[in-house]
Amino acid sequence: MIKAVLIALATVAGVIAGEMGADKVAAMREAHAAAAVVKATEARKTHEINVPRIKDGAIKGYAVMLLSYTVDLGALKTAEMAPDSILVDEAFRYVYSDDTIDFDHLDRFDFAKMSKALAQAVNARVKSDAVVDVGVQEFTYEPIRETRGRPSP
């Protein structure tokens with residue numbers, strides 16, 4: 001009789017331990033699957049963007065930009081249009097309309113602020129969170145007197 005009770009208790013303990021182990025394994029698999037879900041992104045580049053600097057009714061030079069950006073491929077599928085040309089347009093508008101840019105001292109320019117503003121503006125226009133980040137690969141200023149084929153003023 002005592003043997004039967006001990007065997008029954010051992011069996012119940014084994015079933016409970018197996019149940020707890022199975023629950024832990026299932027929880028670990030769910031956590032691993034959730035951690036494995038990563039946004040599929042793709043890095044892209046714009047073509048060279050030339051923005052004229054107009055002062056006192058005359059072109060004083062050109063700001064030349066080359067931007068790189070990261071798109072979320074999942075969100076890109078739901079976007080109303082591709083963000084490529086929209087980013088070029090928004091970058092042109094940003095630099096053209098910002099009178100606070102000191103082209104003689106570009107080291108003081110807040111590129112992080114521009115990158116964040118461009119990503120937000122593009123995402124608003126495409127009605128999706130397609131653009132994750134915008135990076136500046138090149139941002140230079142070329143005074144008109146240093147450009148080829150143009151007479152100096």
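Calculated FRET efficiency, Ala10 and Lys39, Cβ-Cβ r, R0 35 Å, to nearest 0.05? In this case the efficiency is close to 0.10. For the chain, the square roots a ≥ b ≥ c of the C-alpha gyration tensor eigenvalues yield an a/c of 1.5 or more together with a/b exceeding b/c, which makes the shape prolate.
Rounded to the nearest Hz, the phi-derived 3J(HN,Hα) couplings of the range 4-21 under the Karplus curve 6.51 cos²θ - 1.76 cosθ + 1.60 (θ = phi - 60°) are 5, 5, 5, 5, 5, 5, 5, 5, 5, 5, x, 5, 5, 5, x, 5, 5, x, where x marks glycine and proline.
Checking the Cα-Cα distances for Lys3/Lys24; Lys55/Lys113; Lys60/Lys113; Lys45/Lys116 against a 20 Å cut-off, the pairs over it are Lys3/Lys24; Lys55/Lys113; Lys60/Lys113. Axis of helix 83-97 versus longest Cα principal axis of the chain: the two differ by about 50°, to the nearest ten degrees. Only aspartates and glutamates eight or more places from Lys127 in sequence, or on another chain, were considered; those with a Cα closer than 15 Å are Asp72, Glu80, Asp84, Glu90. Computed about its Cα centre, the charge dipole of the range 41-146 is approximately 200 debye, with only Lys, Arg, Asp and Glu carrying charge at their Cβ.
Taking each DSSP H run with n ≥ 4 as -39500 (n - 2.57) and averaging over every residue of the chain yields -16000 deg cm²/dmol at 222 nm. The residue among Phe109, Tyr96, Val122 whose Cα reaches farthest toward the positive pole of the charge dipole of the range 80-126, with charges on the beta-carbon of Lys, Arg, Asp and Glu, is Val122. Placing a pseudo-label 7 Å from each Cα along the Cα-to-Cβ vector at Glu48 and Ala112 gives an inter-label distance of 3.0 nm. Excluding the site residues themselves, the longest part of the chain lacking any trypsin sites (Lys or Arg not before Pro) in a DSSP loop with at most 12 other Cβ atoms within 10 Å is 40-126. What FRET efficiency comes out for the pair Lys77/Gln120, r = Cβ-Cβ distance, R0 = 22 Å, nearest 0.05? My answer for the efficiency is 0.60.
Taking the longest Cα principal axis of the chain as reference, the axis of helix 111-126 is set at about 80 degrees. Database remark: amide H of Val136 closer than 5 angstrom to the amide H of Ser68 (H placed geometrically; neighbours at sequence offset of 5 or more, or on other chains; Pro and chain starts carry no H).
A short reminder: the numbers here are calculations on the coordinates, not readings from a lab. This is a predicted model, so every value here is computed, not measured. Cβ coordinates were reconstructed from backbone atoms using ideal geometry, including for glycine residues, and neighbour counts include every protein chain displayed.
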